[in-house]
Amino acid sequence: MTNLLSYAVIEKRDQEGKLIRLIKLTIILLIIVCVFDPYNKLLNIKYQIFCLAGVLFLIKIIFEQSRILISSKLIVYIIFFVFIIPLSSIAYYFLINGDFNRFNGLAYFKPYLFLMILIILHALKIDLTKPSIIILSALSFVTLIIFFLYLNKLPLAYAILVITEYNNITTSGIRNFGGVDFLGVDFQSSPLIVLPIGYFAMKLHKFKGWKKLGIAVLLLVNISAMFIGGTRSNMIISVLLPLVVFVWYSRRKRVISITVFFILALFIFYNLNVVQGFFSEDDTSNSIKLVFFNDYMELFNQWDILLFGQGLGSYFNSTIRGYVSVSELTYFEMIRRFGLILSIFIFSLLLYPLSKLIFNHSRNHQSHYIFIAYFFYLIICFANPFLMGSTGMLFLALVLYKTFSKTSDLIKV
């Protein structure tokens, strides 16, 4: 009888383990799709995979017939970030505006729901940081392969770029900064490469010999892939991020910091024309952003828009593009949508993970690379609308998993 009971327990655990592995694989597939098809135009399966992960999680809960343990702080975070703030903003739009011909609130609300993946990861203790690093490193290898094919003007490169650009997966071409031409191949999800860059920069301190060389090669691959994206933010941060992580984990911070400072100073001195080109008002991209900035300042002169916004999904009449519902200036766009009052809460929630770099320093030290990478990702998003898409939400979920993984405020739900 005892043997039968033991066998039944083992069999049940095995079934539960298989279901957890299936959920894990489903979310990994979701990350792959979001990285390589962020606008869901090529395969059109992103939302189906997301729903499948949720259904499998519900099946597991029902199968176990038990409640799950989850951080109360995480629940509060999701309730405010995913539901209360966005839905309040949509409700405000309904209240003050009757123009539903120019309203896209539901489309902009859907990406917030992707943060619900965090509940599954936290409840089942599924850490997808390393699988994500592998996926993003694969993105870097693919970027470099396409770049070298494109550099050598091979027909295969043009065929790939035609398909991927048509589906909003990549952009390519030559950009000029300070009189210097840069050939770029940029995947829309390339800002996420900050994660493997941060990880491999941290790992340089952990290995010696051939393993250290292998880590250095992987780091160089990811830095190169992010740099050849050709956008100024990618190029700058692909250089700065590994240096900051290296200094952060170094035991001789003062010496390393001074060395890094002089290296950067020399680099800037000998490439001053390129650096000036990054920030030149004559650059087309910069000039467009400046026009949008002036549009936002004009809108914020109206106290009701400044305090309460125009609502998630609302449009505004821009100088350069006419009526639009989003621009590259992410944080100004948040204030326009939500107003200063709600935006303060949003900015606080976005910055909350960075508190792990300050408090409980030794406890979270091994995971600091992901928070540093996230900090630089937030900088990239200042002038690029990546953060509030499904890809940005999944990256935020990975960061928040590390943020709440060692909390003791667990409750049964």
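The values are calculated or read from the model by the stated rules, or taken from the named source; none is laboratory data. Everything numeric here is computed off the predicted structure, so don't read it as measured data. Quick reminder, even Gly has a Cβ in these numbers, built from the backbone with ideal geometry, and neighbours come from all protein chains shown.
Inside region 303-340, residues that are among the aromatic types (F, W, Y) and either touching a His at 6+ places or on another chain (Cβ under 8 Å) or within 22 Å of F83 (Cα to Cα) (or both) make up a count of 5. Once region 395-412 is narrowed to residues that are of a type outside the set (D, E, K, R), in contact with a helix residue (DSSP H, G or I) (Cβ under 7 Å, 6 or more places away or on another chain) and modelled with pLDDT under 95, the residue that is nearest to K289 (Cα to Cα) is T403. Given the criteria closer than 24 Å to V76 by Cβ, touching a Ser or Thr at 6+ places or on another chain (Cβ under 9 Å), in contact (Cβ under 8 Å) with a residue 40 or more places away in the chain and among the small types (G, A, S), does S390 qualify? Against the criterion (closer than 24 Å to V76 by Cβ, touching a Ser or Thr at 6+ places or on another chain (Cβ under 9 Å), in contact (Cβ under 8 Å) with a residue 40 or more places away in the chain and among the small types (G, A, S)), S390 does not qualify. Checked against (1) in a loop (DSSP other than H, G, I, E, B); (2) surrounded by fewer than 18 Cβ atoms within 10 Å (Cβ to Cβ), N176 passes all but condition (1).
Yes/no per residue for (1) over 21 Å from the mean Cα position of the chain (by Cα); (2) not hydrophobic (A, V, I, L, M, F, W, C):
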residue	(1), (2)
F109	no, no
I135	no, no
T143	no, yes
Y150	yes, yes
A159	yes, no
E165	no, yes
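Listed by first and then second residue, the pairs with beta-carbon distance under 7 Å, at least 6 apart or on different chains, first residue in region 53-66 and under 15 Å from I119 (Cβ atoms), second modelled with pLDDT under 85, are I61/I68. The set of residues in region 274-283 that are surrounded by fewer than 13 Cβ atoms within 10 Å (Cβ to Cβ) and in contact with a Lys or Arg (Cβ under 9 Å, 6 or more places away or on another chain) contains only F279. Filtered by the rule that a residue be buried (at least 21 other Cβ atoms within 10 Å of the Cβ), modelled with pLDDT under 95 and at positive phi, region 312-349 gives a lone residue, G313.
Results for (1) at pLDDT 85 or above; (2) more than 25 Å from Y150 (Cβ to Cβ); (3) outside any helix (DSSP H, G or I); (4) within 29 Å of the chain's Cα centre (by Cα), shown as yes or no for each residue.
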position: G214; (1), (2), (3), (4): yes, yes, no, yes
position: L218; (1), (2), (3), (4): yes, no, no, yes
position: M235; (1), (2), (3), (4): yes, no, no, yes
position: S238; (1), (2), (3), (4): yes, no, no, yes
position: V245; (1), (2), (3), (4): yes, yes, no, yes
position: R254; (1), (2), (3), (4): no, yes, no, no
position: F269; (1), (2), (3), (4): no, yes, no, no
position: Q276; (1), (2), (3), (4): no, yes, no, yes
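Filtering region 285-333 to residues that are among the aliphatic types (A, V, I, L, M) and touching a residue at least 40 places away in the same chain (Cβ under 8 Å) leaves I288, L312, V326, L329. With respect to S285, determine if the residue is within 30 Å of I174 (Cβ to Cβ), modelled with pLDDT under 95 and not in a helix (DSSP H, G or I). No; evaluated as a whole, the condition is false for this residue. The lone criterion from (1) surrounded by 15 or more Cβ atoms within 10 Å (Cβ to Cβ); (2) modelled with pLDDT of 95 or more left unmet by C51 is number (1).
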